[in-house]
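Each remark here refers to the structure printed beneath this line.
The values are calculated or read from the model by the stated rules, or taken from the named source; none is laboratory data. Remember, it's a predicted structure, so these values are computed and weren't measured experimentally. FYI the Cβ positions are ideal-geometry reconstructions off the backbone, even for glycines, and counts take in every protein chain you see. These accessible areas exclude ligands, DNA and RNA; they are computed on the full protein's heavy atoms, side chains included. Shrake-Rupley method; radii C 1.70, N 1.55, O 1.52, S 1.80 Å.
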Amino acid sequence: MSEIVFADDGIEFDGTTPDRRPLGGVENATVALAEALAARGHRVTVCNRCAAPLDHRGVRWQPLQDGVPASPDLYVANREHQLLLRAPLARRRVLWLHNPAGYIGERPYRWKLALTRPTLVVLGDYHAATVPAWFPHSRVATIPYGLSAAHLAVPPSPRAVPPVRRAIFTSNPARNLDWLLDVWSERIRPRVPDAELHLFSGPEVYQMTRGSGYELMRRVLDRAESLADAGVVRRQPVGRSALIAELMQSRAMLYRSHEQETFCLALADAQALGVPCVVQPIGSAPERVRDGATGTVAADEAAFADAAVWLLTDDALWRRMHEAALGSQRTRTWDDAARDFEALLPPPSRSR
């Protein structure tokens with residue numbers, strides 16, 4: 001058994017949060033990986049902005065302001081360069097990246113990377129390609145996210161009857177939702193007049209209440225609300241169980257993708273539930289959707305609209321992609337990801 005410590009300086013959350021309210025992909029991933037490592041027998045602590053100390057599903061949660069254990073076997077800094085200097089006696093150190101890696105070339109990162117010599121953990125091929133050439137390739141590990149136990153608990157039984165003509169969007173509204181609203185209102189809805197596009201998205205997921213990012217999200221969502229006559233339905237973000245139920249009642253997920261998408265749990269979760277997806281070849285989307293089998297990776301706006309219309313109207317096409325997603329997109333678990341992280345642990349110490 002090894003001691004593993006995660007440090008995160010983002011929003012407030014703990015192991016109970018995914019079951020209580022909406023949560024972003026990075027935070028969901030942190031909860032899931034910590035719990036998977038604990039289930040494999042490790043002593044796991046997450047130091048973050050949680051409201052109070054908590055033991056939940058084998059993981060110890062404690063406020064970052066109270067300090068970080070000094071000498072874990074593996075110390076995982078989540079995204080931020082200032083976290084690299086914590087846990088000074090850690091035997092192995094990881095910087096877990098969730099966004100494109102170009103920012104590690106900024107001065108605050110470079111000197112801390114040189115001093116602490118961590119392994120960079122990235123999430124896939126697209127993500128790995130964003131690591132600057134000067135960073136040693138030998139210290140980059142590619143470890144994709146897993147699928148949540150809640151999604152995998154849904155039996156992979158194909159539906160006999162396709163859902164109604166309802167598409168869904170569950171990502172960040174700042175990530176090309178404005179583009180999707182244009183395509184929906186101009187190219188998709190006129191061809192499928194009874195279709196609806198349901199949006200489960202908003203700044204609440206990221207605990208944002210002000211700033212430029214918040215204002216951008218609000219502007220996009222305000223526009224979405226103005227398109228009610230075009231079948232756009234603004235829904236409030238919901239917790240994991242409720243979102244699973246909504247995804248299972250959706251005929252397709254429409255998401256152009258974004259350069260910031262280094263894994264895209266939103267697509268992975270939808271595919272695991274048998275929801276065909278229409279995306280463009282942007283960011284990591286082509287790694288999540290099997291083009292022509294579990295959805296479409298559309299080359300341009302016209303192809304995106306055509307693929308969406310076909311999925312909304314062609315029952316045979318929908319059924320084929322639905323069954324292919326259920327049959328092929330449920331293989332990677334968080335236990336698999338935890339096993340991959342175990343490969344980063346140092347050899348056992350004789351003193352332990």
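What's the number of the condition residue 52 fails, among (1) of a type in the set (Gly, Ala, Ser); (2) open to solvent by less than 40 Å² (accessible area, probe 1.4 Å); (3) over 15 Å from residue 78 (Cα atoms)?
Result: residue 52 fails condition (2) only.
Scan segment 98-132 for residues that are assigned to a strand (DSSP E or B) and over 23 Å from residue 285 (Cβ atoms) and jot them down.
Residue satisfying the conditions is 119 alone.
So in segment 318-335, with the set limited to residues that are part of a loop (DSSP other than H, G, I, E, B) and in contact with a Leu (Cβ under 7 Å, 6 or more places away or on another chain), which one is surrounded by the most Cβ atoms within 10 Å (Cβ to Cβ)?
Per the criteria, the residue is 330.
Tally up the residues in segment 8-30 that are in contact with a helix residue (DSSP H, G or I) (Cβ under 6 Å, 6 or more places away or on another chain) and aliphatic (A, V, I, L, M), please.
The qualifying residues number 1.
Confirm whether residue 160 is within 30 Å of residue 344 (Cα to Cα), open to solvent by 10 Å² or more (accessible area, probe 1.4 Å) and out of contact with any Ser or Thr (no Cβ under 6 Å at 6 or more places or on another chain).
Answer is no for this residue.
Can you report the number of residues in segment 17-49 which are open to solvent by 10 Å² or more (accessible area, probe 1.4 Å), modelled with pLDDT under 95 and assigned to a loop (DSSP other than H, G, I, E, B)?
4
Looking at segment 297-314, can you tell me whether even one residue there is β-branched (Val, Ile, Thr) and either free of Cβ contacts under 8 Å to residues at least 60 places away in the same chain or closer than 25 Å to residue 153 by Cα (or both)?
yes
Just one of 129, 101 is aliphatic (A, V, I, L, M), surrounded by fewer than 16 Cβ atoms within 10 Å (Cβ to Cβ) and modelled with pLDDT of 95 or more; which is it? Explain how you work it out, then say what you get.
Values: 101 fails: surrounded by fewer than 16 Cβ atoms within 10 Å (Cβ to Cβ).
Answer to the check: 129.
Restricting the search to segment 177-194, which residues are in a loop (DSSP other than H, G, I, E, B) and surrounded by fewer than 22 Cβ atoms within 10 Å (Cβ to Cβ)?
To start, the set of residues in segment 177-194 that are in a loop (DSSP other than H, G, I, E, B) comprises 189-194.
Listed by number, the residues that qualify are 190, 191, 192, 193, 194.
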